[in-house]
Structures are given as structure tokens and as C-alpha cells.
């Protein structure tokens, strides 16, 4: 396999930050850099990886806290779903960032839509799947689910504008239709698979 995948747990809420790249072309993206920018940058430097994008699965401060430092260091764009772009730079999110001890994020450079494709290298591309919890990112046997789907759990739907029914429907119609062997890499907690979630997740049974 030509894929590089590194999980770095960052920040006060133990966010799973993922670095996904290509061994051949040495290009990579960082998904949800919530904090610890130096650790993220050191890993890419040590492995001679060129980061090309910062991708946020959603705008919550614990997932975007290192956006600014990485962008400042490398000059690469921030990508987020169009529905999250305003909240990313909102006063409420800035207050949340200060509460978590991280920096507020700069505005996004590219707004994503459902079905968009993010090219990492000629051999690896991530497909954007829009869900009520933000976006998920799919490539072959990898599915990055942010705060939409966790191992044996789901994201919150009790926040402003949230809907439990919409969240469950989105997971069932967009995620669990995928191959059972696909590995689920959530925004918090341990990894899982689509098959395991279909069988054991109490919210989906």
C-alpha cells in the first residue's frame, strides 16, 4: 500500500488529528489539526512529506486550533464545508478556542460541497460526504468521520440546529451503505469499521 496514515491525539479533548499521505509522491494532507502544531509539522518533516491542505471535518474549536500556525508555517489553504465557514470564524468559536487554550482559526480558503474530491496525489483522493456533523472523507478502505460517527456512538445532535433524526438518517444512507470492511477513523476515540458499527452501535441497530 502506498498510503501513509498517522494519528496524532491533540488538545484538551483528545482530538484525533490525521495525517494522510502518499509514500511515492510524498504529499499529504492534515485532517482536524486541533492543537500541537509543532508535533504535526515535525512528523511531516521527519517523513519528508509535503503538506498540501488543512482539512477540517467541522468548525469546532477543538478540531481547528492549529489551523493558523500550520497555515502560517507552510502557506497552505484551509478547507471546510460551506455550511461551517461562518461558524469557523465566529465570536462563539473564538470564545471556545480561548476556553480550550488554542488559537482561533483564520477563515477558510476553499469551501467544500458534498461530492467534492480532494486530490492528495495522482493515486489518492478523498471524497467529501456531507453529514449533519460536518463532513466525512472517504478513500478506498479509509473513512474519516469527524464528530459524525464514533466507535459505538454518534455525534451530538442537541446543539443549535441539530436533529437526531437527520443525523441517524445521514449515517444510515451515506455511511453504513459502504463496504463493511471500511475502517472508520473518528474525531475522538478508537477506530472501528463500518461492519462493526452496523452490528454493535446502539444508535444504528
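The values are calculated or read from the model by the stated rules, or taken from the named source; none is laboratory data. The structure presented is a predicted model; accordingly, all values stated were derived computationally and were not measured. Positions of Cβ are generated from backbone atoms using ideal geometry, with glycine treated the same way; all protein chains shown enter the neighbour counts.
Observations
- Test: residue in segment 153-169 that is under 15 Å from the mean Cα position of the chain (by Cα) and modelled with pLDDT of 95 or more: yes
- Residue in segment 154-168 that is in contact (Cβ under 8 Å) with a residue 40 or more places away in the chain and closer than 20 Å to residue 62 by Cα present: yes
- Residue 137 vs. criteria in contact (Cβ under 8 Å) with a residue 24 or more places away in the chain, on the phi < 0 side of the Ramachandran plot, in contact with a strand residue (DSSP E or B) (Cβ under 7 Å, 6 or more places away or on another chain) and assigned to a loop (DSSP other than H, G, I, E, B): no
- Residue in segment 5-16 that is on the phi < 0 side of the Ramachandran plot and under 11 Å from the mean Cα position of the chain (by Cα) present: yes
- Positions within segment 111-129 being out of contact with any strand residue (DSSP E or B) (no Cβ under 6 Å at 6 or more places or on another chain), under 17 Å from residue 84 (Cα atoms) and assigned to a loop (DSSP other than H, G, I, E, B), in sequence order: 113, 115
- Any chance residue 70 is under 29 Å from residue 180 (Cβ atoms) and at pLDDT 95 or above: no
- The number of residues in segment 25-37 being over 10 Å from residue 49 (Cβ atoms) and in contact with a strand residue (DSSP E or B) (Cβ under 7 Å, 6 or more places away or on another chain) comes to 6.
- Scanning segment 173-205 for residues that are part of a helix (DSSP H, G or I), under 27 Å from residue 33 (Cα atoms) and within 20 Å of the chain's Cα centre (by Cα) yields a total of 4.
- Unmet requirement for residue 126, which otherwise passes all of (1) over 21 Å from residue 67 (Cα atoms); (2) touching a residue at least 24 places away in the same chain (Cβ under 8 Å): (1)
- Pairs are defined by a Cβ separation below 9 Å, a sequence spacing of at least 6 or placement on different chains, a first member in segment 176-205 that is at positive phi, and a second member that is part of a loop (DSSP other than H, G, I, E, B); the pairs so defined are 189/14; 189/151; 189/152.
- Check on residue 142, within 24 Å of residue 64 (Cα to Cα), modelled with pLDDT of 95 or more and surrounded by 20 or more Cβ atoms within 10 Å (Cβ to Cβ): no
- When we screen 90, 105 for residues that are under 24 Å from residue 12 (Cα atoms) and more than 18 Å from the chain's Cα centre (by Cα), the only hit is 90.
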